[in-house]
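The values are calculated or read from the model by the stated rules, or taken from the named source; none is laboratory data. Being a predicted model, the structure only gives us computed values, none of them experimental. Note that each Cβ is placed from the backbone with ideal geometry, even for glycine, and that neighbours are counted across all protein chains shown.
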Amino acid sequence: MDRGYQHSYSEIMPSMFDKEGRQRKAKTMITVLSEHVHTPLSELSALNIGGSAGIIDEYLSRYFGQMVGVDIDEKAIAYARQRFQKEGLTFEVGDAMDLRYGPDLFDVVICSQVYEHVPDARVLLAEIFRVLKPGGAVYFAAGNRLMVQEPHYKLPFLSVLPRPVAHRYLRLTGRGEYYYEKHFTYWGLQRLVSHYDVTDYTPLILADPVKYGAEYMVTPGSWTQKIAECLSRYMIWVVPGYIWVLEKPDLEKPEIA
């Protein structure tokens, strides 16, 4: 079976309709971007790739001047259009690897836990680079292949197995027929975003989850937080997930001596 598109992801993942959970993620996005981007978000346009049912997009639209959500899942976009109708917020069915937008259009792009779902993550990141304005920012949240528990199917070590074995593992556990998701290691992710300037917010968030609204990731003050913070500083390659801000270099901006 070839690795194609996941056209109806929302039908197999009820979490796409979890308002509280999705809004928590959106809050972290806003906190990170507000800290990183010096221009007020209300003056900026943003594109959320793979936003699914629109809950995150609606939350983000409270802060951005223009918010566009795009997903290949037609039923999810139909749900979003029906539930969230407001000025400055639009939803479109679209292919993340072939965006219909012109170059240098958006100030900010959200790409949160999406790269592993598309047929070719390299094409996805190239498309984001194309539609992003020079100097623009990407909120990039990504899982690490070297994780103990795979987040989509809640199975230990699924992501590290060779793909034929992973498919059998899913079938034997009754969780699915085909392991579609394809995660990269830390080093693979670095290569994936090599055209961007990268700021790693992972250690900052793990050190102060309350500040970034990330209590859902790690419990403040717990041993889990202490261990995760230590790993993020000294063994970043084993952390199960990352939050990076990617910037498209502004080649026309003069360098300061």
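A few remarks follow.
- So Tyr115, is it at pLDDT 95 or above, surrounded by 23 or more Cβ atoms within 10 Å (Cβ to Cβ) and outside any helix (DSSP H, G or I): yes
Here is a yes/no grid of residues against (1) modelled with pLDDT of 95 or more; (2) aromatic (Phe, Trp, Tyr); (3) under 18 Å from Leu33 (Cβ atoms); (4) more than 19 Å from the chain's Cα centre (by Cα):
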{"position": "Lys133", "(1), (2), (3), (4)": "yes, no, yes, no"}
{"position": "Tyr139", "(1), (2), (3), (4)": "yes, yes, yes, no"}
{"position": "Tyr169", "(1), (2), (3), (4)": "yes, yes, no, yes"}
{"position": "Thr173", "(1), (2), (3), (4)": "yes, no, no, yes"}
{"position": "Phe184", "(1), (2), (3), (4)": "yes, yes, no, no"}
{"position": "Val193", "(1), (2), (3), (4)": "yes, no, yes, no"}
{"position": "Ile205", "(1), (2), (3), (4)": "yes, no, yes, no"}
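- Condition broken by Arg100, with the remaining ones in (1) without any contact (Cβ under 8 Å) to a residue 12 or more places away in the chain; (2) assigned to a helix (DSSP H, G or I); (3) exposed (fewer than 14 other Cβ atoms within 10 Å of the Cβ) satisfied: (2)
- Matching residues in region 118-131 - criterion: being within 16 Å of the chain's Cα centre (by Cα) and either assigned to a helix (DSSP H, G or I) or without any contact (Cβ under 8 Å) to a residue 40 or more places away in the chain (or both): Asp120, Ala121, Arg122, Val123, Leu124, Leu125, Ala126, Glu127, Ile128, Phe129
Residues are listed down the side, and each one gets a yes or a no for (1) under 25 Å from Ile128 (Cα atoms); (2) free of Cβ contacts under 8 Å to residues at least 60 places away in the same chain:
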{"residue": "Val165", "(1), (2)": "no, yes"}
{"residue": "Thr173", "(1), (2)": "no, yes"}
{"residue": "His195", "(1), (2)": "yes, no"}
{"residue": "Val198", "(1), (2)": "yes, yes"}
{"residue": "Thr202", "(1), (2)": "yes, yes"}
{"residue": "Ile205", "(1), (2)": "yes, no"}
{"residue": "Trp223", "(1), (2)": "no, yes"}
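- Residues of region 161-179 that are in contact with a Phe, Trp or Tyr (Cβ under 9 Å, 6 or more places away or on another chain) and of a type in the set (Phe, Trp, Tyr): Tyr169, Tyr179.
- From the list Trp223, Trp237, the lone residue that is under 20 Å from the mean Cα position of the chain (by Cα) and surrounded by fewer than 14 Cβ atoms within 10 Å (Cβ to Cβ) is Trp237.
- Every residue from region 146-165 that is touching a Gly at 6+ places or on another chain (Cβ under 8 Å) and surrounded by fewer than 20 Cβ atoms within 10 Å (Cβ to Cβ): Met147, Pro151, Tyr153
- Boolean, Phe91 is modelled with pLDDT of 95 or more, closer than 20 Å to His7 by Cα and buried (at least 18 other Cβ atoms within 10 Å of the Cβ): yes
- Criterion violated by Leu105 - all others in (1) surrounded by 16 or more Cβ atoms within 10 Å (Cβ to Cβ); (2) modelled with pLDDT of 95 or more; (3) within 16 Å of the chain's Cα centre (by Cα) satisfied: (3)
- Checking each residue in region 52-77 for being among the charged types (D, E, K, R), more than 9 Å from Leu89 (Cα to Cα) and either crowded, with 23+ Cβ neighbours inside 10 Å or at pLDDT below 95 (or both) picks out Asp71, Asp73, Glu74, Lys75.
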